[in-house]
Every structure is written in C-alpha cells, then in structure tokens.
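Please read the structure below before turning to the comments.
The values are calculated or read from the model by the stated rules, or taken from the named source; none is laboratory data. Only a predicted model underlies this, so the values are computations on that prediction, with no experimental measurement involved. Every residue, glycine as well, gets a Cβ built from its backbone with ideal geometry; the counts of neighbours run over all protein chains shown.
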Amino acid sequence: KAGVTQTPRYLIKTRGQQVTLSCSPISGHRSVSWYQQTPGQGLQFLFEYFSETQRNKGNFPGRFSGRQFSNSRSEMNVSTLELGDSALYLCASSLTSSPESQFFGPGTRLTVL
Amino acid sequence: GEDVEQSLFLSVREGDSSVINCTYTDSSSTYLYWYKQEPGAGLQLLTYIFSNMDMKQDQRLTVLLNKKDKHLSLRIADTQTGDSAIYFCAESTGVSNFGNEKLTFGTGTRLTIIP
C-alpha cells in the first residue's frame with residue numbers, strides 16, 4: 001500500500017511569487033492535514049480537510065489556502081511568498097479518528113529567496 | 001491555551017536508556033503522542049497514550065503520563081544508533097468522527113547516540 005506522497009519534494013521560489021504544493025493521501029483516507037515546520041516556530045498546524053471541506057484551520061494569514069478534491073488529494077497554496085515561508089511543509093492523511101491511522105508524508109522543502 | 005515544551009538536545013550512550021521529557025499546558029488533551037523524525041523524512045508515529053492512562057509500554061518504548069503535572073515522558077530502553085532522530089511530543093484536544101485531529105507539537109528533542 002503506497003504511503004502519503006507529496007510533490008514536489010523540493011522547491012525554490014522568490015519573494016512575491018506564489019506556490020502550490022500537492023498531497024496524495026493513502027488510498028481510502030479522506031482526511032488530509034497540513035503542517036509547516038520551521039527551525040524557529042517548530043511544527044504548526046495549517047489546516048485540515050475532510051470530504052472537500054475545511055474542518056480546522058490554524059493561525060496563519062490568508063496568504064495560505066488549501067483545497068481538497070473529490071479523490072481526497074489536497075493542494076495548498078501560498079501567495080505573495082515571504083522569506084519566512086521557507087519551511088518543510090508536511091501533509092498527513094488519516095482514515096479514522098484513531099491516532100494509529102494517521103500517517104505523514106515526507107514533506108515538501110520550500111525555499112524562498 | 002496550548003503550549004508544549006521539550007528540551008532541545010539529549011545525548012545518550014549506546015545501550016543506555018534515553019528519557020525524553022515533555023510538558024504541556026492544555027488540560028483538556030485527549031491523546032498525547034510521540035513522533036520520530038529522521039533526517040530528510042516526515043514524521044513517524046512511535047506511540048501514543050490516552051489521557052486517562054498513566055503508562056503505556058510497547059517493546060522498548062515506555063510512555064509515562066503525569067496528568068496532574070501535565071508531564072509526559074518517553075523512555076527508550078537499550079538505545080541504539082538507529083534511534084538517533086528528533087523526537088516530538090504532541091497533544092490533541094478532541095476526537096472527531098473521522099480523520100485527523102489538530103495536533104500541537106513540542107519543539108522537538110534531538111537525540112544523539114554516543115558509541
């Protein structure tokens with residue numbers, strides 16, 4: 001069974017640009033969450049989607065947005081990139097509310113120059 | 001509010017036990033987790049404990065929870081070089097019918113194994 005996949009794995013952008021990251025959950029998983037990991041702020045929750053609906057949202061500016069498609073794949077978008085958006089963006093998918101059913105992807109490393 | 005704290009570094013000799021500590025502030029936490037992150041990899045769930053439990057043991061891993069002091073620890077017995085990684089504790093405050101909970105993570109503890 002394939003794990004959570006994230007594309008691309010690495011990305012370099014410049015300030016002011018926008019970026020779209022993709023996450024494909026494990027087959028059958030309907031919930032996808034996104035986290036940002038930086039050395040300064042650690043791991044912070046961005047948002048969670050279930051059945052194409054955003055259910056939870058973290059404390060991030062409106063430049064950060066996401067969506068989920070009918071096949072449960074999810075994308076997150078960051079507009080008007082800032083240097084501080086450089087981070088590892090992790091996606092997690094889960095099947096049920098059981099903690100054991102949540103799996104993280106390898107992440108997308110975004111560098112903003 | 002939610003705040004989870006860990007010490008940043010821990011060095012342990014190979015074969016000894018490692019104890020990684022974590023404190024949290026949200027008394028309504030339902031689950032507390034330990035994740036492992038190796039270089040260049042995502043997060044791997046190691047173990048978790050429900051908030052009404054005091055202890056959970058899983059092979060080399062022992063989790064202790066002191067709910068009164070809001071203190072969580074992870075003990076790794078017979079630490080091996082493959083245990084070198086960053087360890088994160090995390091808490092969640094609810095269980096929805098389906099899917100992920102919003103997790104609040106600690107800062108992570110980098111465990112280094114001394115040969």
If we keep only residues of the stretch A:1-24 that are within 14 Å of chain B (Cβ to nearest Cβ) and of a type in the set (S, T, N, Q), then the residue surrounded by the most Cβ atoms within 10 Å (Cβ to Cβ) is A:6
Screening B:15, B:40 for residues that are on the phi > 0 side of the Ramachandran plot and modelled with pLDDT under 90 leaves only B:40
Note on the stretch A:38-54: residues in contact (Cβ under 8 Å) with a residue 24 or more places away in the chain and surrounded by fewer than 21 Cβ atoms within 10 Å (Cβ to Cβ) are A:38
Of B:94, B:99, B:106, the only residue that is surrounded by fewer than 16 Cβ atoms within 10 Å (Cβ to Cβ), modelled with pLDDT under 95 and within 12 Å of chain A (Cβ to nearest Cβ) is B:94
- If we scan the stretch A:58-80, do we find a residue that is more than 11 Å from the chain's Cα centre (by Cα), at the interface with chain B (Cβ under 10 Å from one of its Cβ atoms) and not in a loop (DSSP other than H, G, I, E, B)? no
Only unsatisfied item for residue B:87, checking (1) away from chain A (no Cβ under 11 Å); (2) surrounded by fewer than 16 Cβ atoms within 10 Å (Cβ to Cβ); (3) within 23 Å of residue A:90 (Cα to Cα); (4) touching a Lys or Arg at 6+ places or on another chain (Cβ under 8 Å), is (2)
